[in-house]
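Participant: Encoded as structure tokens, here's the structure I'll be asking about.
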Amino acid sequence: MTAADDIFDQSTSNVQGLGLCEIPFTESPPDLESETLQYIFTGREAELRRVFNLFQSRERRRVLVYGRIGIGKSAFLREVLSVLRRKRPQMPTAYISLPADLDLATTALIAVAREMADDEWAQRQLYQMGIPTAKILKERSAEAGGNLVISGKVTEKDLPITKPLYPTVSLDTLLERAQEKYPQGVVIAIDDLDKRNPSAVRQMMHDAQGMLKGRAWFILTGHPMGITGDLLTSERGLFDLQLKLEELDQPTTYKMLINYLNSARINKGSTDPDDPRSVLPFTPEAAKHFCEVSLGKPRLFNRLGNTVLDTAANMQATLIDSEVLAQGLKAAAPELRERAALSVQEERVRAFLEQRGPISDETITYEDLEQLGLRSFSEILPFLERLEAADLAHQLDQDDSKAFAPIALPPALE
Amino acid sequence: MGKGFGQPKVVPTRNATQFMRAFGKCYAKAKGDKRQVEQFLQANLAKLDEHLLDALSYIFPKLLADQKFGDKQNVATLFLVFGNTVGDFPLGDRALNLELSIAAYQVALKVYPRDMFPQEWALLQNNLGNAYVDRIRGDRAESLEQAIAAYELSLQVYTRDTFPEEWAMSQNNLGNVYSNRIRGDRAENLEQAITACELSLQVRTRDTSPEEWAMSQNNLGNAYSNRIRGDRAENLDQAIMAYELSLQIYTSDTFPEEWARSQNNLSDAYCNRIRGDRAENIERAIVASELSLQIYTRDTLPEYWARSQNNLGNAYQARIRGDKAENLEKAIAAYDLSLQVYTRAAFPEDWARSQTNLSAAYGNRIRGERAENLEQALAAYELSLQVHTREAFPEAWARAENNLGTAYSNRIRGDRAQNLEQAITAYELSLQVCTRNAFPESWARSKHNLASAYCDRILGEQSDNLRTAVDLYQEAAQVFTQEAFPLSWAENQGCLAEALINQASLTDNSDDLDTAITLLKEALEVAVPGSPGFIDSQYRLGNALSRRFELNQNANDLQDALKAYKTALDAISPEHYDREKIWQALPTTQSVLGSRLVREGQWQEGLQLLLNSVRLLSEGDDQLAHANALYQTGRAHETLSDWDNARLYYRDALRLYEHLNDQPGIAQSRHGLGSVLASQGYFKKGMAELQQARDLYQQLDRQNRVREVDNLYQAAQRAEQQLSEVPA
């Protein structure tokens, strides 16, 4: 046994000291294949109901799930798909995160083709794009020798990698083949559209109008604003349902904490919120406070939860009371900043926000802007959104202005 | 030359006498080998001084008394030879050398009376004329008159019948000096120059005296290059033809220096040529300058080398092909080289000319800090004006004053209002010499520049300034015709159009806009697509058309404006356009075009342009343009029903307008903001904004805006009432 082995064992036993077999909090939601999701996914009943109501229709529908970054769009999407996989096994669901520099039609084509492993044409499409397929496809060609000795040889050569010339047509062909096999239709879920800049997404949507109105069901996740507000989506009726995900309320967040902890608990216990043991190793008071600072944002909840449990384990605590929680949150602030790796200007805006408290396009003054070396709020907005993405700021729920506030964590330990 | 004052007895003559004796001995020994005589002067450089100049006219008797050089005529010949040698001598103080040469000729002339020695006398007059042409000291205008007088005296003896060759030589020289004459009517002087050169060419034929023929062709080329009368395009082509004829004889093998000189002149003429492809002409100018520099090296022929460097600089400064920034750096480098030889002491005139050219290059420079470059330009003009005084070099003085005006017009440092007043003063000074008759091109240029300064003027009534500017541009247009000066014509048309557009914005007079549009369309017919002038004209045309659209709401004007803006925008590229203009034109064009496109339904493209313009303007100094672009972006988002962004940009615009205290801007931003808030259902907040917008529009007396806001307000009020009536 080396010293490092010792440390590893110590670490395991520290987490076990908290009654958990692992730290359940993660940066991004679990895979579709994993069963974890169904244990930890909490709330959103109304939203799920609206989506599943649509699935009772025979007609193909298009759903846009939107909301701020870290609000749980991907988790929601995966939850919808995992339910569909269980309830509608005859309806293949294709999930894909939008790759950089790809249009929607090609993205959808890849997603569907992957789900059709035994369709040779689909696999060929993937192969031609240089995407690994289940079977290796080779093209055979015969080459006859020109001399008198009669010999023939057969060579195998790799196919050249080419993107589909007409992705929309290719996708349509593929969906046609799919339809024969799956009369109930195919669900194509494209995630992470909000990782691209809004104008690029708007252009993609514009280009993909024909595809979206075609043979498949579509579920897309997108930006909190912009897409939803413009002519294309609202007036041209591109989506049958535009679903906004909001911050979770406190009781739901509390329930979510119970579910997360229970998924990792060594001895399964109570999941009744009224039972103080349901939030162990948290005390109910600490659990409540933890949910408050998480602001109902699943990703912030996960990031903070991770640090808090980590801190508690390092302290070899067996219970997370207010004292231990405070230590954990103190450690979280510098960790979030470190993880964010802010640029000089982003850091300037962050410091300004921390010093000034909430700012909005309505209340900020010209002098404030000058202090930041800028002349308009629209110039700070990208920095604020970056801070939001890094959980260093959050947007206030105000519809008549764009307002941001710092995330209130206790100051870091000196 | 016997100076009027100074007592003969107190002038020490011993050293001078010894020097001339030694010179005489050397000359006798050299037996016509010019190089040996020059070597003698080089060895005795220190003796070529003011004392020698003072003593020269007194030592003739002493040399005669020596009896070493023969009789009076022989001693006089010695002075003639000394005058020739020292006048051409490239070392020492050139101003002094020329004085020595003149003094020596004048001594010799006393000995050779015209009636007894007509030939020698005429030769001396001719040489004296040459020395006066080059003279540095004294009043230049007067020196040139002296030169003309001397040549004309020589021509009294050298008649065509008796001494055809000499006659042709003096005609040639006379032509040369008339080309540069300051006094008298300049147009007439140049006609005289052409006549004289053509007379000399009647005798000097290519077959009989090819070398002289080539020289006169070269001088004829010079006169045609500057000619005022007749068709300018034709004159310049005549000049080019004359230079090219001279180059048939002057080859780089047989007459390398002359070949190089004609190449250099050819370069200058191609630089100014009107006919043919301008870009191509300038390339030819560069080639010609570079050819001349194959012969002219700094060591062997420093003066000519410097002149070719100067011309090369001019060609690079005017160059159309290649990278503009790079061309200007090459021009500056060439001028700097020429100034290594053209020092103020030895070649004051050339020094001043290169300084002037250098200033112009600094004024246009793209690299480096612009404010600093303009200060450099100002400093160089001030230097050149120390030599190019009004009395001695009226033309160059006037040109420098004109350029000084331009540098002040563009100046970034200092008080802008004051700089423009300085510019106006400088242009007006230049116009005192550059009269329409004597220097029509320079006159028109200064009128044009003066007009531009009035357009920008800060002091005085704007409407008065614009009226003055329009009048001045129209005056310039009398000379800048499409045929004679196509480039300047187009530029002047464009500026006149701009002044008319500005005037129309004060008066809402659509006649001015109609005229402006006609002028710009004419200019565009001949403009080179992609050239700065072309982009300017397209941009102005866009402005004029969109302004006219605002007045008459004719959709065709809007379409045409869109097209013009688009063309301008497509043509703008950092390589072919100067920085200052791109910074102004690009974002402004983008924001105008962007907001038009959005309203026309091409919202993706339009919004992209607007966001680009906002980004560019946020880094610039023009805060009002930035505020306008923010406002237009807000409007575009509102058109797209993107309320969140519309609100955000209206608020940004409002904040900036308030900072700038721009009342119309504040009113329109509150108008937009109120409309968006009401659309989102925030009726109270929206109505409060609308109320403030209405009050401001009322103050600004914008009645149709007041009505628009009233309608919106009432709609919001109704909607609010309906909402409160609906049971929760």
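The values are calculated or read from the model by the stated rules, or taken from the named source; none is laboratory data. Bear in mind the structure is a predicted one, so any value in this text is a computation, not a measurement. A quick note on method: Cβ atoms are made from the backbone with ideal geometry, for glycine too, and the neighbour counts reach across all protein chains shown.
A quick yes/no check of all residues on (1) under 21 Å from residue A:111 (Cα atoms); (2) modelled with pLDDT under 90; (3) acidic (Asp, Glu):
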| residue | (1), (2), (3) |
| --- | --- |
| A:200 | yes, yes, no |
| A:236 | no, yes, no |
| A:240 | no, yes, yes |
| A:261 | no, yes, no |
| A:280 | no, yes, no |
| A:294 | no, yes, no |
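Participant: Pull up the range A:401-414, narrow it to residues that are assigned to a loop (DSSP other than H, G, I, E, B) and more than 13 Å from chain B (Cβ to nearest Cβ), then point me to the one that is modelled with the highest pLDDT.
Facilitator: Start the filter on the range A:401-414 by keeping residues that are assigned to a loop (DSSP other than H, G, I, E, B), which leaves A:401-402, A:407-414.
Adding the requirement that they be more than 13 Å from chain B (Cβ to nearest Cβ) leaves A:407-414.
Details: A:407: 84, A:408: 77, A:409: 76, A:410: 69, A:411: 59, A:412: 48, A:413: 42, A:414: 37.
The qualifying residue modelled with the highest pLDDT is A:407.
Participant: Are any residues in the range B:672-687 surrounded by 24 or more Cβ atoms within 10 Å (Cβ to Cβ) and either outside any helix (DSSP H, G or I) or within 10 Å of another protein chain (Cβ to nearest Cβ) (or both), and if so, which ones?
Facilitator: B:673, B:676, B:677, B:686
Participant: Right, here's the next one. Need pairs with beta-carbon distance below 9 Å; first residue farther than 17 Å from residue A:349 by Cβ and hydrophobic (A, V, I, L, M, F, W, C) and within the range A:395-410, second modelled with pLDDT under 85 and not in a loop (DSSP other than H, G, I, E, B); sequence gap 6+ or separate chains.
Facilitator: From residues that are farther than 17 Å from residue A:349 by Cβ and hydrophobic (A, V, I, L, M, F, W, C), the pairs are A:409/A:333; A:409/A:336.
Participant: May I pose another question? From the list B:491, B:441, B:483, B:428, pick out the single residue that is in a loop (DSSP other than H, G, I, E, B), under 22 Å from the mean Cα position of the chain (by Cα) and under 29 Å from residue B:187 (Cβ atoms).
Facilitator: B:483
Participant: Please work out which one of (1) at pLDDT 90 or above; (2) touching an Asp or Glu at 6+ places or on another chain (Cβ under 8 Å); (3) not small (Gly, Ala, Ser) is the condition residue B:137 fails and give its number.
Facilitator: It is condition (1) that residue B:137 fails.
Participant: Then there's this: Residue by residue through the range B:596-609, note down the ones that are crowded, with 24+ Cβ neighbours inside 10 Å and of a type in the set (Gly, Ala, Ser).
Facilitator: Residue satisfying the conditions is B:606 alone.
Participant: Which condition breaks for residue A:309 when tested against (1) under 30 Å from residue A:278 (Cα atoms); (2) at pLDDT below 85; (3) part of a helix (DSSP H, G or I)?
Facilitator: (2)
Participant: Could you grab me the full set of residues in the range A:1-53 that are touching a strand residue (DSSP E or B) at 6+ places or on another chain (Cβ under 7 Å) and either part of a helix (DSSP H, G or I) or over 27 Å from residue A:241 (Cβ atoms) (or both)?
Facilitator: A:19, A:20, A:47, A:50, A:51
Participant: All but one of (1) buried (at least 22 other Cβ atoms within 10 Å of the Cβ); (2) not in a helix (DSSP H, G or I) hold for residue B:307; which doesn't?
Facilitator: (2)
Participant: Only one of (1) over 17 Å from residue B:174 (Cβ atoms); (2) over 25 Å from the mean Cα position of the chain (by Cα); (3) assigned to a helix (DSSP H, G or I) is not met by residue B:236, so which one is it?
Facilitator: All conditions pass for residue B:236, except number (2).
Participant: Could I ask something else about it? Among the residues of the range A:154-191, which ones are loosely packed, with under 14 Cβ neighbours inside 10 Å, modelled with pLDDT of 80 or more and assigned to a loop (DSSP other than H, G, I, E, B)?
Facilitator: Residue satisfying the conditions is A:183 alone.
Participant: Quick one: how many residues across the range A:80-126 are among the hydrophobic types (A, V, I, L, M, F, W, C) and touching a Pro at 6+ places or on another chain (Cβ under 7 Å)? Before you say what the answer is, go through the steps one by one.
Facilitator: Of all residues in the range A:80-126, those among the hydrophobic types (A, V, I, L, M, F, W, C) come to A:80-81, A:83-84, A:91, A:94, A:96, A:98, A:100, A:102, A:104-105, A:108-113, A:116-117, A:121-122, A:126.
Remaining after also requiring touching a Pro at 6+ places or on another chain (Cβ under 7 Å): A:105, A:109.
Number satisfying all stated conditions: 2.
Participant: When you check residue B:669 against the structure, is it under 58 Å from the mean Cα position of the chain (by Cα), within 22 Å of residue B:610 (Cβ to Cβ), surrounded by fewer than 20 Cβ atoms within 10 Å (Cβ to Cβ) and within 14 Å of chain A (Cβ to nearest Cβ), yes or no? Spell out the reasoning first.
Facilitator: Numbers: under 58 Å from the mean Cα position of the chain (by Cα): yes; within 22 Å of residue B:610 (Cβ to Cβ): yes; surrounded by fewer than 20 Cβ atoms within 10 Å (Cβ to Cβ): no; within 14 Å of chain A (Cβ to nearest Cβ): yes.
Considered against the rule, which asks whether it is under 58 Å from the mean Cα position of the chain (by Cα), within 22 Å of residue B:610 (Cβ to Cβ), surrounded by fewer than 20 Cβ atoms within 10 Å (Cβ to Cβ) and within 14 Å of chain A (Cβ to nearest Cβ), residue B:669 comes out as no.
Participant: Six or more apart or on different chains, Cβ atoms under 6 Å: show the pairs whose first residue is in the range B:259-274 and within 15 Å of residue B:223 (Cα to Cα) and whose second is part of a loop (DSSP other than H, G, I, E, B).
Facilitator: B:262/B:250
Participant: Could you list, in sequence order, the residues of the range B:610-645 that are more than 8 Å from every other protein chain (Cβ to nearest Cβ), farther than 18 Å from residue B:671 by Cβ and buried (at least 24 other Cβ atoms within 10 Å of the Cβ)?
Facilitator: Hits for the range B:610-645 are B:610, B:613, B:617.
Participant: Just the residues that are surrounded by fewer than 24 Cβ atoms within 10 Å (Cβ to Cβ) and in contact with a Leu (Cβ under 7 Å, 6 or more places away or on another chain), please, taken from the range B:202-239.
Facilitator: Across the range B:202-239, the qualifying residues are B:213, B:225, B:226, B:227, B:228.
Participant: If you don't mind, another one. Kindly indicate whether any position in the range A:386-400 is out of contact with any Lys or Arg (no Cβ under 9 Å at 6 or more places or on another chain), closer than 26 Å to residue B:623 by Cα and more than 11 Å from chain B (Cβ to nearest Cβ).
Facilitator: Within the range A:386-400, none of the residues are out of contact with any Lys or Arg (no Cβ under 9 Å at 6 or more places or on another chain), closer than 26 Å to residue B:623 by Cα and more than 11 Å from chain B (Cβ to nearest Cβ).
Participant: Among (1) free of Cβ contacts under 8 Å to residues at least 24 places away in the same chain; (2) more than 21 Å from residue B:541 (Cα to Cα); (3) surrounded by 16 or more Cβ atoms within 10 Å (Cβ to Cβ), where does residue B:457 come up short?
Facilitator: (1)
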